[in-house]
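These notes are about the structure you will find just below.
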Amino acid sequence: NYNIAMSRYLISGVDVWLNNPRRPMEASGTSGQKASVNGVINFSVLDGWWAAGYDQTNGWIIGTDAEYTSYTEQDIADSASIYKTLENKIIPMFFNKPQKNGYSEEWMETMKQSILTTGGKYSTARMLVDYTEQLYIPLINLYNNYYTNLEDAARYSHWKHQIKANWKDITIEQLENPENIKIDAGEKIEVSCKVTLPNIEKEDIRVEVYCGKISDDGRVEDIKIVPMKLVEEEAEYRRYKYTAKVALTSGGNYGYTFRVMPTNKMLLDSENLDLVKWIEK
């Protein structure tokens with residue numbers, strides 16, 4: 001029976017905003033945004049707005065961004081995360097009061113961070129600006145370009161046909177890269193690969209490192225995607241070497257792989273073509 005009236009009472013009367021739907025079922029979480037702006041600290045799954053809003057200083061997360069094979073497995077992991085975070089972080093912080101009837105300075109600081117990091121970002125005004133600048137205007141410009149220049153539209157149609165027809169021929173070769181090594185958190189590792197493009201131009205693709213932490217059960221978490229730079233060409237063989245430096249910001253066991261995505265100035269989003277080439281092992 002949750003509604004706006006109930007939300008008003010909760011936001012003005014709670015210390016923690018607990019939000020634990022199953023990922024990825026959270027549509028947005030606008031009540032959590034209102035709570036955060038009003039100094040209520042969020043404790044939520046990494047879904048909806050909290051996946052972008054959480055910054056390690058303004059609240060807590062339930063679980064990770066890992067994908068599970070069953071709801072039962074996911075529920076068990078999230079439940080364990082809730083209790084662990086409550087017992088080890090939230091409750092100790094809340095009751096760490098230097099004197100009777102005092103307040104927790106760390107808690108107050110987290111409340112302030114909640115307001116500072118979300119107040120200017122999560123508003124209808126900002127949302128409308130984003131939709132206008134990132135979606136509506138690019139689409140209008142693209143439409144006008146097609147409408148006034150049919151040659152560009154024809155070239156783009158031909159390009160898509162060529163890319164789709166020859167995508168399967170792309171190959172990715174991993175070069176000698178760091179493996180099974182120990183490094184300090186915050187350091188960077190340099191990785192490289194070679195991409196062969198038999199019937200596709202190098203300008204029509206982008207190469208990326210797909211990197212993340214490997215959990216104890218083999219899942220990839222905290223995923224980051226790093227663009228790679230073209231550094232060497234073997235034009236005769238249509239083979240190209242790409243490199244990138246990947247920063248590992250925290251401790252843990254990391255893994256990475258390489259992928260190729262299509263790119264074109266007429267293509268607003270690479271995912272629209274449903275094409276991606278992963279390194280084959």
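GLN174 to LEU86: extension gain in nm, 0.36 nm per residue of separation minus the Cα-Cα distance?
Values: separation 88, 0.36 × 88 = 31.68 nm, distance 4.31 nm.
This chain segment gains 27.4 nm when fully extended.
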| Cα-based reach from LYS277 at 27 Å (exclusive), listing lysines while leaving out same-chain residues under 8 positions away | LYS160, LYS164, LYS168, LYS188, LYS194, LYS202, LYS213, LYS224, LYS229, LYS241, LYS245, LYS265
| field | Among PRO138, PRO98, PRO24: highest mean-square fluctuation, GNM of the chain, C-alpha pairs under 10 Å | value | PRO98
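Among rounded, prolate and oblate, which fits the stretch 4-122 when a ≥ b ≥ c are the square roots of the eigenvalues of its C-alpha gyration tensor, a/c under 1.5 means rounded, and a/b larger than b/c means prolate?
Numbers: a/c = 1.92, a/b = 1.33, b/c = 1.44.
It comes out oblate by the Cα gyration axes.
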| field | Interchain or long-range residues, amide H under 5 Å from PHE258's placed H | value | TYR210, ILE279
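Rounded to the nearest 0.05, what FRET efficiency do MET25 and VAL226 have when you use their Cβ-Cβ distance and R0 = 25 Å? Can you show the working numbers first?
Numbers: r = 29 Å, r/R0 = 1.16.
Efficiency computed from Cβ-Cβ geometry: 0.30.
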| task | Can you tell me the relative contact order of the stretch 159-271? Whole percent, Cα pairs under 8 Å, sequence separation 6 or more. | result | 31
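Which order results if ASP78, ASP216 are arranged by neighbouring Cβ count within 10 Å, fewest first?
On the way: ASP78 19, ASP216 6.
Result, fewest neighbours first: ASP216, ASP78.
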| field | Helix axis angle, 150-166 relative to the chain longest principal axis, alpha carbon, degrees | value | 90
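Does the stretch 169-278 come out rounded, prolate or oblate, given a ≥ b ≥ c as the square roots of the eigenvalues of its C-alpha gyration tensor, rounded meaning a/c under 1.5 and, failing that, prolate meaning a/b above b/c?
On the way: a/c = 2.26, a/b = 1.59, b/c = 1.43.
Cα axes put the stretch 169-278 in the prolate bin.
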| query | By DSSP, what percent of the beta bridges with both residues in the chain are antiparallel, rounded to the nearest 5? | reply | 80
| Given a Förster distance of 35 angstrom, what is the FRET efficiency for GLU234 paired with SER157, based on the Cβ-Cβ distance and rounded to 0.05? | 0.70
| query | In a GNM of the chain with a 10 Å cut-off on Cα contacts, which of LEU150, LEU175, LEU142 has the highest mean-square fluctuation? | reply | LEU150
| Euclidean distance of C-alpha centroids, the stretch 165-202 and the stretch 5-73, integer Å | 36
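Can you pull out the trypsin sites (Lys or Arg not before Pro) in the stretch 162-206 that DSSP calls coil and that have at most 16 other Cβ atoms within 10 Å? Provide the component values of the computation, followed by the final result.
On the way: sites: LYS164, LYS168, LYS182, LYS188, LYS194, LYS202, ARG206; in loops: LYS182.
Listed in order of number, the matching sites are LYS182.
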| query | Listing SER44, SER104 from the residue with the fewest other Cβ atoms within 10 Å to the one with the most, what is the order? | reply | SER104, SER44
| task | Let me know the shape class of the stretch 38-105, please: from the alpha-carbon gyration tensor, a ≥ b ≥ c as square roots of the eigenvalues, rounded when a/c is under 1.5, otherwise prolate if a/b is greater than b/c, or oblate. | result | oblate
| message | For a quick check, take a GNM of the chain with Cα springs below 10 Å and name the residue from ILE225, ILE41, ILE76 with the largest mean-square fluctuation. | response | ILE76
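Arranged by the count of other C-beta atoms within 10 angstrom, fewest first, what order do PHE258, PHE94 take? Please report the intermediate quantities before stating the final value.
Values: PHE258 25, PHE94 17.
Neighbour counts put them in this order, fewest first: PHE94, PHE258.
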| field | ASN141 paired with MET127, simple spin-label distance in nm, labels 7 Å along Cα-to-beta-carbon | value | 2.5
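Every read-out reported here was derived from the displayed coordinates using simple, explicitly stated rules and does not represent laboratory data. Because the structure is predicted, anything quoted here is derived from the model rather than measured. Quick reminder, even Gly has a Cβ in these numbers, built from the backbone with ideal geometry, and neighbours come from all protein chains shown.
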